[in-house]
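Accompanying notes for the structure given below.
The values are calculated or read from the model by the stated rules, or taken from the named source; none is laboratory data. Just so it is clear, the structure is predicted and the values come from calculations on it, not from any experiment. Cβ atoms come from the backbone with ideal geometry, glycine included; neighbour counts cover every protein chain shown.
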Amino acid sequence: MKASKVAYKPFGMAMGALSGALAGALFKQTWKKLRHEEDAPDATDEHRSWREVLSAAVLQGAIFAGVKAAVDRGGATATRRLTGTWPG
């Protein structure tokens, strides 16, 4: 395994945790603006429709994937700038 990959691992893990927290906060704010509710529906909430539950899940997944991709790409780009090599 390349030294740059080994060195990137702890940084990548920390950025992953940060991106999860950021995505969670972004999803919560987005849900509040769209539905004017504090919390998104839980899949097992019998008082919520399939449409509500699946819409929330799809939106949450899209936000998490987008934030993760942006953070991963930014981290890899920063690593290349600092070390001269791509961590992948």
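For residues in region 51-88 being among the charged types (D, E, K, R) and surrounded by fewer than 15 Cβ atoms within 10 Å (Cβ to Cβ), which is modelled with the lowest pLDDT? Write out each step before concluding.
First, pick out the residues of region 51-88 that are among the charged types (D, E, K, R): 51-52, 68, 72-73, 80-81.
From what's left, surrounded by fewer than 15 Cβ atoms within 10 Å (Cβ to Cβ): 51, 73, 80-81.
Working: R51: 95, R73: 93, R80: 89, R81: 92.
So the residue we want is R80.
Looking only at residues that are hydroxyl-bearing (S, T, Y) and within 14 Å of F64 (Cβ to Cβ) in region 1-48, which one is surrounded by the most Cβ atoms within 10 Å (Cβ to Cβ)?
Taking region 1-48 first, the residues hydroxyl-bearing (S, T, Y) are 4, 8, 19, 30, 44.
Narrowing further to those that are within 14 Å of F64 (Cβ to Cβ): 19, 30.
On the way: S19: 20, T30: 15.
Out of the qualifying residues, it is S19.
Each row is one residue, and each column tells you yes or no for (1) not aliphatic (A, V, I, L, M); (2) not in a helix (DSSP H, G or I).
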position	(1), (2)
M13	no, no
A21	no, no
Q29	yes, no
H47	yes, yes
L54	no, no
I63	no, no
A78	no, no
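Kindly establish whether L26 is at pLDDT 95 or above, under 30 Å from K5 (Cα atoms) and out of contact with any Phe, Trp or Tyr (no Cβ under 7 Å at 6 or more places or on another chain). Don't jump to the end; show me each part of the working.
Working: at pLDDT 95 or above: yes; under 30 Å from K5 (Cα atoms): yes; out of contact with any Phe, Trp or Tyr (no Cβ under 7 Å at 6 or more places or on another chain): yes.
Criteria met by L26.
Identify all residues within region 42-88 that are among the basic types (K, R), free of Cβ contacts under 8 Å to residues at least 12 places away in the same chain and within 14 Å of G12 (Cβ to Cβ); write none if there are none. Let's see the steps before the verdict.
To start, the set of residues in region 42-88 that are among the basic types (K, R) comprises 48, 51, 68, 73, 80-81.
Next, from what is left, pick out any that are free of Cβ contacts under 8 Å to residues at least 12 places away in the same chain: 48, 51, 73, 80-81.
Hits for region 42-88 are R73, R80.
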